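Student: Mind having a look at this structure? Questions to follow.
The values are calculated or read from the model by the stated rules, or taken from the named source; none is laboratory data. On a predicted model such as this, the values are computed, not experimentally measured, just so you know. Using ideal geometry, Cβ is built from the backbone for each residue, glycine included, and neighbour counts are taken over all protein chains shown.
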Amino acid sequence: MAAAPQATTSGADPTTARAAPPADLADLTRDESTLRRFLYGLPGVDAVGVEARAASLATRSIKKASKLWAIDTAIRMVDLTTLEGADTPGKVRTLAAKARRPDPERPGVPSVAAVCVYPDLVATAVAGLAGSEVGVASVATAFPSGRAALPVKLADVADAVAAGATEVDMVIDRGAFLSGRYGLVFDEITAVRAACGEAHLKVILETGELATYDNVRRASWLALLAGGDFIKTSTGKISPAATLPVTHVMLQAVRDFHARTGQRRGVKAAGGIRNTKEAIRYLVAVHEVAGEEWLTPSLFRFGASSLLNDLLMQRRAQHEGHYSGPDYVTVD
Amino acid sequence: MTSWEYAPAPESREIARLRPSYRMFVGGEFVEGTGEPLKTVNPATEEVLAEVSTASASDVDKAVATARKAQEKVWGRMPGAERAKYIFRIARMIAERGRELAVLESLDNGKPIRESRDVDIPTASAHFFYHAGWADKLDYAGYGPDPQPLGVAGQVIPWNFPLLMASWKIAPALACGNTVVLKPAETTPLTALVLAEIIQQADLPPGVVNILPGAGDVGSTLVNHPGVDKVAFTGSTEVGKSIQSSLAGTGKKLTLELGGKAANIVFDDAPLDQAVEGIVNGIFFNQGHVCCAGSRLLVSESIADELLATLHQRVSTLRVGDPLDKNTDVGAINSGMQLAKIRELVAAGDAEGAERWTSPCPLPERGFFFAPTVFANVSQSMRIAREEIFGPVLSVLTFRTPDEAVAKANNTPYGLSAGIWTEKGSRILWMADRMRAGVVWANTFNRFDPTAPFGGYQESGFGREGGRTGLEAYLNV
């Protein structure tokens, strides 16, 4: 197995600056059997319990000023995404414009966190976002299936980074994970991590294919140990994508990782979050499971496309006291 | 980054349709009681909510006589399928007026609206639905071909789940063909009197259900009344003991559901995050005013530090405050008297050398509130490990082996409930076999369902409520 990732400094955000994990964690990834023992030694997840907790937290009632704050925070956390075979430079350009100024008629609206595209469209996105704070995220490593040889995946990553991607969303090899080849998954993440250079790495677990919460917890720790800056629920191509209970388990993982190492890593919930109400439920989970330190775009993201317009409509309704129709926000 | 304060999201108290005065319910009518009226207080603000008329001894006489007549002339003779129609109707009407009942319950009791809305009221309705289904199937309940009702049931209920306890008592009694005289708790009479209104609107024959508010003396008169055939009491062990001794030799049937000091046992292979949820739900649900609360945490010594750290973090997120706020997790202590008792026991914990941790949450300036508290390094000999606190106070003890866990869990005069947290199924069964407790929860806690019998061992009482087993208490078997 490859050695644990070396310390590098990311300029983007000090809270997620990569430090080498403490020595005892580096020991955990020394060889495959040690890693396996560690992952199997993590406390189990009771499915009924985590689902009940997620449902109970979802009843929080967020009103008035706290709702406005949540809407603006959610907008700042959006990775505005287009991942279609039919994507074109024109589509990506309009998306970039939307990302900079989500609601052109309301100058107070913050810009989103990043635009997320396929590697071949990174250059277009970079051009469209030049001079703004908005990041460019690129999926890579044979997204969404991850079924390619490692050199192909690394070339995919290098391509995206060379074109200017500031964030890379990789997929793990679920086949390897489900067949217990944890060392292979770990080595792939560390290799991708090295290929990222300065770019932030988000590790997509594709929880819909991992199926059990125990697997989600193990995959989360595996990705964190291998140096992922973020752990991300889904590609959006598999159903179920992000769910509240799965996000709870991942938030517990970053919380526990912080307790053990002092480092804060992020979580990205992607796929299936379409409206403000759902987004606020995720923010409540971030707030009460991981802690309020995680309520920032450098530690929590939404991977979404249609969510943004609903946030904008709700924002207007909160400010103006009445709802306006979908024709009053831009369709991009 | 500023911190995210949730704006207040209070349920409107108008929904409760609070009236300045409430009267007792006898013979299908709301009548003025001849006892000294009582004032019921909102424990979150210490303001008087309403004046409630109470029963005197002669009112108890009248209520028992009208219940007797209704039982012999109407309800006891009515076919089960007909009784079921009434009970189904009550169940539906409780659900329909759920929001009103939930707000009223939170006002009168102090419990958070989240719990009265999501637990108390739906479960109360579910109890009527469940027992309505039994009314025409008693022949098949396993108590012989034609089981007969007992007659008039005198029932006394506590203040921790006012409407839910009324439902636990009334629904099975009615399903089995008995009539009822029920005394709600002195501090929480309001929802039982709205239930009386529902019963009236459901056209239940007059006298089948009678509700007499009042203090302990009314309860004592009721249970000792010669016209009562069956007594059901939920409340403190002390009162339960005195009822049992005064009823000895009278031939009345008795069920008691009393106090508890339940152990929540966490093994080292438990799903820790969910165990923490279960511990929180076990002791901070309903401010710990739960007879089956998991008030003793028994945790494997090898994971105690890790578990306590997570537990403290989780408990710190509990929001204590206005019971009507939809985001409140822990509401008000029901009365000043109860708050004084909690303080006294917590002081005893301090004095006996347990290590106290109190949630740093802000508390409202007015009203009866107590911050969630966790005592570590508790030993079996301390009062906080032996006496029922009935408040948001958890005592943490450790164990080394499963045998020690069993010994410590059972080392109490009570025996109402227990919780077992482990991923190992065989250990759950092994432990459940050895727990001297009426209810044993595995990887969950404080789950209530009308189909599951509930009741205790030893000083936690006897008899079961709920399920097929619970019917036995209201049938002549």
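Student: Collect the residues in the range B:432-449 that are within 14 Å of chain A (Cβ to nearest Cβ), buried (at least 21 other Cβ atoms within 10 Å of the Cβ) and part of a strand (DSSP E or B), keeping them in residue-number order.
Tutor: Correct list: B:TRP441 only.
For (1) within 14 Å of chain B (Cβ to nearest Cβ); (2) closer than 21 Å to A:ASP310 by Cα; (3) of a type in the set (Ser, Thr, Tyr); (4) touching a strand residue (DSSP E or B) at 6+ places or on another chain (Cβ under 8 Å), each residue gets a yes or a no:
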residue	(1), (2), (3), (4)
A:LEU39	no, no, no, no
A:ALA52	yes, no, no, no
A:ILE62	yes, yes, no, no
A:GLY108	no, yes, no, no
A:TYR118	no, no, yes, yes
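Student: Looking at (1) more than 14 Å from every other protein chain (Cβ to nearest Cβ); (2) within 23 Å of B:ASP108 (Cβ to Cβ), can you tell me which one B:LEU324 breaks?
Tutor: Among (1) more than 14 Å from every other protein chain (Cβ to nearest Cβ); (2) within 23 Å of B:ASP108 (Cβ to Cβ), B:LEU324 violates only (1).
Student: Same structure again: For the condition part of a loop (DSSP other than H, G, I, E, B), buried (at least 19 other Cβ atoms within 10 Å of the Cβ) and outside the structural domain of B:LEU429 (by TED's automatic domain parsing), what is the one hit in B:GLY214, B:GLY240, B:GLY219, B:GLY249?
Tutor: On the way: B:GLY240 fails: part of a loop (DSSP other than H, G, I, E, B); B:GLY219 fails: part of a loop (DSSP other than H, G, I, E, B); B:GLY249 fails: buried (at least 19 other Cβ atoms within 10 Å of the Cβ).
Matching residue, one of B:GLY214, B:GLY240, B:GLY219, B:GLY249: B:GLY214.
Student: Then there's this: Condition test on B:GLY76, is it more than 14 Å from chain A (Cβ to nearest Cβ), closer than 24 Å to B:LYS137 by Cα and at pLDDT 95 or above? Can you show your working first?
Tutor: Working: more than 14 Å from chain A (Cβ to nearest Cβ): yes; closer than 24 Å to B:LYS137 by Cα: yes; at pLDDT 95 or above: yes.
Yes: the conditions hold for B:GLY76.
Student: Related question: State which residue pairs qualify: first residue closer than 21 Å to B:LEU174 by Cα and inside the range B:223-247, second residue among the acidic types (Asp, Glu) and surrounded by 23 or more Cβ atoms within 10 Å (Cβ to Cβ) in any location, beta carbons under 6 Å apart, and separation of 6 or more residues or different chains.
Tutor: Note: pairs meeting the criteria are B:THR234/B:GLU257.
Student: Against the conditions (1) assigned to a loop (DSSP other than H, G, I, E, B); (2) aromatic (Phe, Trp, Tyr); (3) within 24 Å of the chain's Cα centre (by Cα), where does B:PHE128 fall short? Just the number, please.
Tutor: (1)
Student: Which pairs have Cβ atoms under 7 Å, sit 6 or more apart or on different chains, and link a residue in the range B:276-290 that is more than 13 Å from chain A (Cβ to nearest Cβ) to one that is assigned to a helix (DSSP H, G or I)?
Tutor: Here the result reads B:ASN286/B:GLU115, each pair linking the range B:276-290 to a residue that is assigned to a helix (DSSP H, G or I).
Student: Another question, then. Just checking: which of the helices (runs of 4 or more DSSP H) contained wholly in the range A:25-112 hold 2 or more residues that are surrounded by fewer than 19 Cβ atoms within 10 Å (Cβ to Cβ) and aliphatic (A, V, I, L, M)? Steps first, answer last, please.
Tutor: On the way: elements: A:32-41, A:47-57, A:64-76, A:89-100.
Ranges flagged: A:47-57, A:64-76.
Student: Of A:ALA285, A:ALA226, A:ALA290, A:ALA219, which residue is more than 14 Å from every other protein chain (Cβ to nearest Cβ) and under 19 Å from A:GLU51 (Cβ atoms)?
Tutor: Values: A:ALA285 fails: more than 14 Å from every other protein chain (Cβ to nearest Cβ); A:ALA226 fails: under 19 Å from A:GLU51 (Cβ atoms); A:ALA290 fails: more than 14 Å from every other protein chain (Cβ to nearest Cβ).
Only one candidate qualifies: A:ALA219.
Student: Here's something else I'd like to know. Under the condition of being touching an Asp or Glu at 6+ places or on another chain (Cβ under 6 Å) and surrounded by 17 or more Cβ atoms within 10 Å (Cβ to Cβ), which residue from the range B:389-422 is nearest to B:LYS341 (Cα to Cα)?
Tutor: B:TYR414
Student: Determine if the range B:312-327 includes at least one residue that is under 12 Å from B:VAL393 (Cα atoms) and over 15 Å from the mean Cα position of the chain (by Cα). Before the answer, list the steps.
Tutor: Of the range B:312-327, the ones under 12 Å from B:VAL393 (Cα atoms) are B:315.
Next, from what is left, pick out any that are over 15 Å from the mean Cα position of the chain (by Cα): B:315.
Taking every residue of the range B:312-327 in turn, at least one turns out to be under 12 Å from B:VAL393 (Cα atoms) and over 15 Å from the mean Cα position of the chain (by Cα).
Student: Right, another one. So which residues in the range A:64-90 are without any contact (Cβ under 8 Å) to a residue 12 or more places away in the chain and either more than 10 Å from every other protein chain (Cβ to nearest Cβ) or farther than 23 Å from A:TYR282 by Cα (or both)?
Tutor: Within the range A:64-90, A:GLU84, A:GLY85, A:ALA86, A:THR88, A:GLY90 qualify.
Student: Kindly evaluate B:ALA55 against the criterion of being over 30 Å from B:THR317 (Cβ atoms) and either away from every other protein chain (no Cβ under 14 Å) or outside any helix (DSSP H, G or I) (or both).
Tutor: On the way: over 30 Å from B:THR317 (Cβ atoms): yes; either away from every other protein chain (no Cβ under 14 Å) or outside any helix (DSSP H, G or I) (or both): yes.
Yes; evaluated as a whole, the condition is true for this residue.
Student: Are any residues in the range B:391-431 aromatic (Phe, Trp, Tyr) and away from chain A (no Cβ under 14 Å), and if so, which ones? Step through it out loud before you land on a result.
Tutor: Step one: filter the range B:391-431 for residues aromatic (Phe, Trp, Tyr), giving B:399, B:414, B:421, B:430.
Within the range B:391-431, B:PHE399, B:TYR414, B:TRP430 meet the criteria.
Student: Of the residues A:ASP256, A:ASP327, which is farther than 30 Å from B:ASP305 by Cα and among the acidic types (Asp, Glu)?
Tutor: Values: A:ASP256 fails: farther than 30 Å from B:ASP305 by Cα.
Sole residue among the options that is farther than 30 Å from B:ASP305 by Cα and among the acidic types (Asp, Glu): A:ASP327.
Student: Among (1) out of contact with any Pro (no Cβ under 7 Å at 6 or more places or on another chain); (2) surrounded by 21 or more Cβ atoms within 10 Å (Cβ to Cβ), where does A:THR124 come up short?
Tutor: Here A:THR124 meets the rest and fails (1).
Student: Look through the range A:127-172, keep the residues that are crowded, with 18+ Cβ neighbours inside 10 Å and polar (S, T, N, Q), and return whichever of them is nearest to A:ARG93 (Cα to Cα).
Tutor: A:SER138
Student: Something else now. Does A:LYS202 qualify as being assigned to a strand (DSSP E or B), more than 27 Å from B:GLU423 (Cβ to Cβ) and either of a type in the set (S, T, N, Q) or modelled with pLDDT of 95 or more (or both)?
Tutor: Details: assigned to a strand (DSSP E or B): yes; more than 27 Å from B:GLU423 (Cβ to Cβ): yes; either of a type in the set (S, T, N, Q) or modelled with pLDDT of 95 or more (or both): yes.
So A:LYS202 passes the test.
Student: For the range B:1-44, which positions are over 23 Å from the mean Cα position of the chain (by Cα), assigned to a strand (DSSP E or B) and either surrounded by 15 or more Cβ atoms within 10 Å (Cβ to Cβ) or within 14 Å of another protein chain (Cβ to nearest Cβ) (or both)?
Tutor: B:PRO10, B:VAL26, B:PHE30, B:VAL31
Student: Give just the number: which of (1) at pLDDT below 95; (2) buried (at least 17 other Cβ atoms within 10 Å of the Cβ) does B:VAL477 not satisfy?
Tutor: Of (1) at pLDDT below 95; (2) buried (at least 17 other Cβ atoms within 10 Å of the Cβ), only one is false for B:VAL477: (2).
Student: Looking at this structure, is B:VAL60 exposed (fewer than 14 other Cβ atoms within 10 Å of the Cβ) and hydrophobic (A, V, I, L, M, F, W, C)? Outline the logic, then answer.
Tutor: Working: exposed (fewer than 14 other Cβ atoms within 10 Å of the Cβ): no; hydrophobic (A, V, I, L, M, F, W, C): yes.
No; evaluated as a whole, the condition is false for this residue.
Student: Determine whether A:GLU51 is at pLDDT 95 or above, under 30 Å from A:ARG181 (Cβ atoms) and among the charged types (D, E, K, R).
Tutor: Working: at pLDDT 95 or above: yes; under 30 Å from A:ARG181 (Cβ atoms): yes; among the charged types (D, E, K, R): yes.
So A:GLU51 passes the test.
Student: Those residues that are within 14 Å of another protein chain (Cβ to nearest Cβ) and small (Gly, Ala, Ser), I need them from the range B:226-275; list them, please.
Tutor: Keep residues of the range B:226-275 that are within 14 Å of another protein chain (Cβ to nearest Cβ), which gives B:264, B:266-275.
Matches in the range B:226-275: B:ALA270, B:ALA275.
Student: Just to check your reading of the model, which residue among A:ARG315, A:ARG264 is in contact (Cβ under 8 Å) with a residue 24 or more places away in the chain, surrounded by 17 or more Cβ atoms within 10 Å (Cβ to Cβ) and not in a helix (DSSP H, G or I)?
Tutor: Numbers: A:ARG315 fails: not in a helix (DSSP H, G or I).
Going through A:ARG315, A:ARG264 in turn, just one is in contact (Cβ under 8 Å) with a residue 24 or more places away in the chain, surrounded by 17 or more Cβ atoms within 10 Å (Cβ to Cβ) and not in a helix (DSSP H, G or I): A:ARG264.
Student: Looking at (1) within 14 Å of chain B (Cβ to nearest Cβ); (2) more than 26 Å from A:TRP221 (Cα to Cα); (3) in contact with a strand residue (DSSP E or B) (Cβ under 8 Å, 6 or more places away or on another chain), find the lone condition where A:GLN318 falls short.
Tutor: (3)
Student: Check every one of the strands (runs of 3 or more DSSP E) wholly within the range B:289-396 and list those with 2 or more residues that are closer than 30 Å to B:GLU11 by Cβ.
Tutor: On the way: elements: B:296-300, B:355-358, B:373-376.
Strands (runs of 3 or more DSSP E) meeting the threshold: B:373-376.
Student: Pick out the one residue from B:ALA215, B:ALA192, B:ALA196 that is free of Cβ contacts under 8 Å to residues at least 40 places away in the same chain and closer than 30 Å to B:GLU46 by Cβ. Walk me through it before giving the result.
Tutor: On the way: B:ALA215 fails: free of Cβ contacts under 8 Å to residues at least 40 places away in the same chain; B:ALA196 fails: free of Cβ contacts under 8 Å to residues at least 40 places away in the same chain.
Selected residue: B:ALA192, the only one of B:ALA215, B:ALA192, B:ALA196 that is free of Cβ contacts under 8 Å to residues at least 40 places away in the same chain and closer than 30 Å to B:GLU46 by Cβ.
Student: From the list B:ASP139, B:ASP118, B:ASP203, B:ASP146, which residue is assigned by TED's automatic domain parsing to the domain that holds B:LEU101, in a helix (DSSP H, G or I) and more than 23 Å from the chain's Cα centre (by Cα)?
Tutor: Criteria check complete, one pass: B:ASP139.
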